[in-house]
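Quick notes on the structure that follows.
Just so you know, all these numbers are worked out from the coordinates, no wet-lab data involved. Model, not experiment: these values are computed from the prediction. Virtual Cβ from ideal backbone geometry, glycine too; neighbours counted across all protein chains shown.
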Amino acid sequence: MSGKMLPTLRKPRRYLDLAPYSWSRSKVVKSLSDVRHLLAHLTPIDLLAGTKIDTARSLAWTNAKEYHHFFPRDYLKNKGVSGAKANCLANIILLTSSSNKTISNRAPSDYLKDVQKAAGGDIGEWLESNLISEEAYNAALEDEFETFIEVRSKDINARVCEMAGWDEN
């Protein structure tokens, strides 16, 4: 964990809504910047390369290619899912540009085989560093987008509340 301190935050009236389906890509990028402190504390690991993501570099506004749709936009478009749903914050993780290109528009059930192979026994650590719980991961293995988004939204909310010292209720 980084030695950086989180700023003092006020508790929201309800859980953080990380799956608003009306967000534009630019709002997603801005929102990712707003969770910079959370990501910096987590030190996310690139799911294909196994390397730590440089969050300062990745979160720069000029580095939008470091943002990866866990369920790729083109994959979701082919399944009839709107671009607005695909861009929800709970569907975004950080990856290197190279890994992002390797995944391209593949289904999670397909590219996660490569992640399992690369991570081996460290898969839990790699997923946790990206705020992907076992339940969210299992939904992704079944290509269950809605379940993945619901679970990951709650998981991210719980982590934010924990780090800010808030009661989740």
Loop-located trypsin sites (Lys or Arg not before Pro) in the range 62-145 whose Cβ has at most 16 other Cβ within 10 Å (DSSP): LYS79, ARG106
All aspartates and glutamates inside 17 Å of LYS85 as judged from Cα atoms, apart from same-chain residues fewer than 8 positions distant: ASP17, ASP74, ASP143, GLU144, GLU146, GLU150
Loop GluC sites (Glu not before Pro), the range 72-169, which have at most 16 other Cβ atoms in a 10 Å radius of their Cβ (DSSP): GLU142, GLU168
Charge sum, other residues only, whose C-beta stays under 9 Å from LEU42's C-beta, Lys/Arg counted +1 and Asp/Glu -1: 0
Estimated inter-spin distance, SER82 and ALA158, nm [label 7 Å along Cα→Cβ]: 2.9
FRET E, pair ARG106, ALA49, Förster distance 22 Å, beta-carbon r, rounded to 0.05: 0.85
For the range 101-118 versus the range 79-97, the gap between their alpha-carbon centres in whole angstrom: 15
